[in-house]
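A short reminder: the numbers here are calculations on the coordinates, not readings from a lab. Since the structure is predicted, the reported quantities are computational estimates derived from the model, not experimental observations. Please note: Cβ atoms are built from the backbone with ideal geometry, for glycine as well, and neighbour counts cover all protein chains shown.
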Amino acid sequence: MADLPFTPAAPGLAELLLASLDREGKIGRALAALGPIADRDVLLVDGGQLRASELAELGARVRTVAAPDSGTALDAPDGSVDVVVGLWSAFRAPGPEALADVDRVLRPEGRLLVVQDYGRDDVCRLRGELPEHGAWSRRDGPYLAAGFRIRVIHCFWTFGSLDDARTFLGAAFGPTGEEVGRGLQRPRITYNVAIYHRSRGGARPAS
């Protein structure tokens with residue numbers, strides 16, 4: 001289950017990252033607006049308890065399921081939910097079969113919301129270039145070509161102090177993290193998130 005975009009290897013670092021990531025709650029508010037999710041049945045795919053609680057606080061009726069293995073279906077009945085939400089580990093560059101399965105569980109006006117990294121930020125300096133930092137957000141990429149739209153959320157990893165930030169970055173990312181840490185003026189680094197959103201069947205959402 002994924003509350004984080006990745007899990008740092010060293011013990012204790014995941015908890016520090018979880019406490020620092022998007023303290024402003026921008027991701028949750030964007031999901032609430034794009035669903036919407038308030039007073040709706042939401043299927044959270046591969047999300048952990050923290051994200052489920054965040055969506056519930058925003059008014060959603062949340063059920064969490066694991067992402068299905070390749071060739072298998074979501075653990076949900078046909079036409080049973082209003083919104084499907086995937087966080088980082090779920091719906092990575094989804095193909096037609098995965099999207100058809102999402103459409104199966106969605107009600108007629110249902111929505112699929114997928115959170116992935118967008119890049120063009122400090123975090124991609126730490127993690128290196130990944131497909132989600134460029135190729136996925138192109139017009140011919142796996143999302144926009146399949147009827148998704150994209151909303152980019154400008155977030156931060158915010159730490160308690162510069163020392164906390166530099167300690168975390170060095171422990172999690174080694175020399176690269178130490179270099180980024182030395183350049184910090186404030187105890188936060190930029191983190192851009194893409195929310196790919198699509199109505200059932202790939203239809204354009206009402207304006």
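The convex hull drawn around the Cα atoms of region 118-158, when projected onto a plane and averaged over every direction, covers 3.1 nm². State the label only: which of [x] 19.5, 72; [y] 15.9, 50; [z] 17.3, 52 corresponds to Rg and Dmax of the Cα atoms in Å computed from the shown model? For Rg and Dmax of the Cα atoms in Å, the calculated option is [z]. About the centre of its Cα atoms, the chain shows a dipole size close to 660 debye [charges on the beta carbon of Lys, Arg (+1) and Asp, Glu (-1) only; nearest 20 debye]. In a fully extended conformation the segment linking residue 149 and residue 7 would gain 48.4 nm over its present Cα-Cα distance, using 0.36 nm per residue.
Quickly estimate the mean residue ellipticity at 222 nm for the chain, helices only: each DSSP H run with n ≥ 4 gives -39500 (n - 2.57), and the total goes over all residues, rounded to 500. -9000 deg cm²/dmol, from helical runs alone.
Global dimensions of region 71-129 from alpha-carbon coordinates: Rg and Dmax equal 14.3, 42 Å. Within region 46-103, the ratio Rg/Rh, alpha carbon atoms throughout and Rh by Kirkwood, equals 0.95. Treat region 1-119 as a sphere of radius equal to its Kirkwood radius over Cα pairs and apply Stokes-Einstein at 37 °C in a medium of 0.692 mPa s; give the translational diffusion coefficient in µm²/s, rounded to a whole number. Once the numbers are plugged in, D ends up at 224 µm²/s. The GluC sites (Glu not before Pro) of region 107-143 that DSSP puts in a loop, and whose beta carbon has at most 16 other beta carbons within 10 Å, are 129. Would you kindly give the portion of the calculated P(r) for region 1-48 that falls above 16 Å, as a percent of all Cα pairs? So the portion of pairs separated by more than 16 Å is 52 percent. Measuring spread by the Cα atoms of region 137-207 yields a radius of gyration and Dmax of 17.8, 48 Å. Label-to-label distance for residue 140 and residue 185 is 4.0 nm, based on points extended 7 Å past Cα in the beta-carbon direction.
Once C-alpha pairs closer than 8 Å and six or more residues apart are averaged by separation and normalised to the residue number of region 1-99, the relative contact order reads 32 percent.
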